[in-house]
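A quick write-up on the structure given underneath.
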Amino acid sequence: MNAPPMAAALRTALRGNVRRYGMVIALAVIVVLFQILTGGLLLRPLNVTNLLLQNSYVLILAIGMMMVIITGHIDLSVGSVVAFTGALSAIMLAEWGLPLWAVLPLALLLGAAIGAWQGFWVAYMGLPAFIVTLAGMLVFRGLTLLVLGGESVGPLPESARTLATGFLPDVQVGGVHLVPLLLGAVVAAVLVRVQYAARADRIRLGLPAASPAAAWGGYTATAAAVLAFCGALALHRGLPVVGLLLLVLITGYAFVMRSTPAGRRVYATGGNEKAAMLSGVKTRRTAFWVFVNMGALSALAGLVFSARLNLATPGAGTMFELDAIAAAFIGGASASGGTGTVLGAVVGALVMGVMNNGMSIIGLGVDWQQAIKGLVLLAAVAFDILSKRRAPGGGRPAGDRAGRPEKVPAAGAAPGPGG
């Protein structure tokens, strides 16, 4: 007698969570597929470590790009900003002899200033972000060529190389590094606790929630994935310095977007700008600071990328903006704004990274790699649009500028999406 309501509740729960967990499942499928196609090379400890090091800059950019897209904008200039800030950082390190501890804040300030310049035109002058950042892409690519004079600058000092390729001091027992294992246990416990609390909140609010069996299956899968990844790092050389940097960034931004008024204002601005303004959100200021943040993260990515290459080149950062945008959309961002999570951006970046790495191992050419990545991006955006059309109410996207205000969290309300 209760079967129809239970079935309806289950279907509603699946619809509400398919965009959140669909790419996690897709990532798992992609990993298994390339593990088979590469004859087991993909998940070897050395390759897992290289996968983290090679995609560190994409992960940094994806976090900032996700926030930009949540506000309903786009940033096409990040690749050129990476090249420009990386070039100036390399000059300060290699030619001026400045220490890393002085260059790092200077690079972040430079990136923030670039973001403020673009954010001013978008937020306060009302110019489309597509046009402003397209102009920025051309301007900062040209400035990169001007600063470098068409030549590479390097090598960089050991302190800079350590940022991108170094490893934390560790204790070994039988050839196994303990720091990644201990850190993995803590991260797994925290993620399981967050998932448990989210399910408890849904039950408390009377919303559809996964069954206990499905929930514990998800907890187990999350913990197993984190421990397996950290175990692979422990069997190679331990935790990379950039891995610790990424952990701090992901944790900090996830907390800000999920649990602070600043994060709620970002979601509100992208979800429905007019409703957010009526709720007291300073939407222009919010959009401005999102671009400032994107500029600072681009500068950090530029420094990490230059440190990994051990030099700055005029062609650095090419197509990085597309990698970051693809990571955000594959990770669940909505083209209409108001939707997306930091962890989703991380998953999207890992999807791109695993695909790049796996296709390179099996010997696919760059032409095929670009074509396949393009199809994956198209499929992710199509999935977003189709899932909205099938949603109750006709799938009208939140923040429909021509429609009536949807349910949008005010500055002090709890955010709909997670961080």
Estimated FRET transfer efficiency (GLN54, LEU168; beta-carbon r; R0 25 Å; 0.05):
0.85
Taking the full set of protein chains and a 1.4 angstrom probe, give the accessible area of ASP201 in square angstrom, rounded to the nearest 10.
70
I'd like the distance between the alpha-carbon centres of region 355-386 and region 223-267, rounded to an integer number of Å.
25
Local electrostatic count at VAL256 - Lys and Arg +1, Asp and Glu -1, tallied over other residues with Cβ under 15 Å
+3
Using a 1.4 Å probe, what is the accessible area per residue for region 11-169, in Å²?
45
So what is the calculated 222 nm ellipticity per residue for the chain, using -39500 (n - 2.57) for each DSSP H run with n of 4 or more, over all residues, to the nearest 500 deg cm²/dmol?
-23500 deg cm²/dmol
Region 169-238, relative contact order [Cα under 8 Å, separation at least 6], %:
55
Within region 343-386, name every residue whose backbone N is under 16 Å away from a label modeled 7 Å from Cα of LEU41 along the Cβ vector.
354-366, 369
Is there a quick way to get the dipole size of the chain? I mean about its Cα centre, with the Cβ of Lys and Arg at +1 and of Asp and Glu at -1; what is the value in debye to the nearest 20?
1620
Sorting TYR124, TYR267 by accessible area (1.4 Å probe), largest first, what list results?
TYR124, TYR267
Percent of alpha carbon pairs in the chain separated by more than 32 Å?
37
For region 264-277, in order, what is each residue's ³J(HN,Hα) by Karplus, 6.51 cos²θ - 1.76 cosθ + 1.60 with θ = phi - 60°, in whole Hz (x at glycine and Pro)?
5, 5, 5, 4, 5, 4, x, x, 7, 4, 5, 5, 5, 4
Stretched fully, the stretch from LEU386 through PHE255 gains (0.36 nm per residue minus C-alpha distance, one decimal, in nm) 44.2 nm
Hey, what's the per residue convex hull volume over the C-alpha atoms of region 169-238, in cubic angstrom?
73
How much of TRP216 can a 1.4 Å solvent probe reach, expressed as accessible area in Å² and rounded to 10?
150
Please work out how much accessible surface SER259 shows to a 1.4 Å probe, ignoring ligands, DNA and RNA, in Å² rounded to 10.
50
Counting only C-alpha contacts under 8 Å and six or more residues apart, can you give the relative contact order of the chain as a whole percent?
31
So what's region 44-155 giving for Rg/Rh, alpha carbon basis, Kirkwood Rh from the mean inverse pair distance?
1.02
What's the extension gain from ALA135 to GLU95 if we count 0.36 nm per residue and subtract their Cα-Cα distance?
11.4 nm
Using a 10 Å cut-off on Cβ atoms, rank the peptides 173-179, 48-54, 331-337 from the highest mean neighbour count down.
331-337, 48-54, 173-179
With a point put 7 Å past each Cα toward its Cβ, work out how far LEU205 is from VAL190 in nm, to one decimal.
2.3
Please give the length that would be gained between ALA197 and ALA28 if that part of the chain were fully extended, namely 0.36 nm times their separation in residues minus their C-alpha to C-alpha distance (nm, one decimal).
58.4 nm
Carbon and sulfur atoms account, in whole percent of the 1.4 Å probe accessible area of the chain, for 70
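The values are calculated or read from the model by the stated rules, or taken from the named source; none is laboratory data. Keep in mind that what you see is a predicted model, and the values were worked out from it rather than measured. Methodologically, a virtual Cβ is constructed for each residue, glycine included, from the backbone with ideal geometry; neighbour enumeration extends over all protein chains shown. These accessible areas exclude ligands, DNA and RNA; they are computed on the full protein's heavy atoms, side chains included. Shrake-Rupley method; radii C 1.70, N 1.55, O 1.52, S 1.80 Å.
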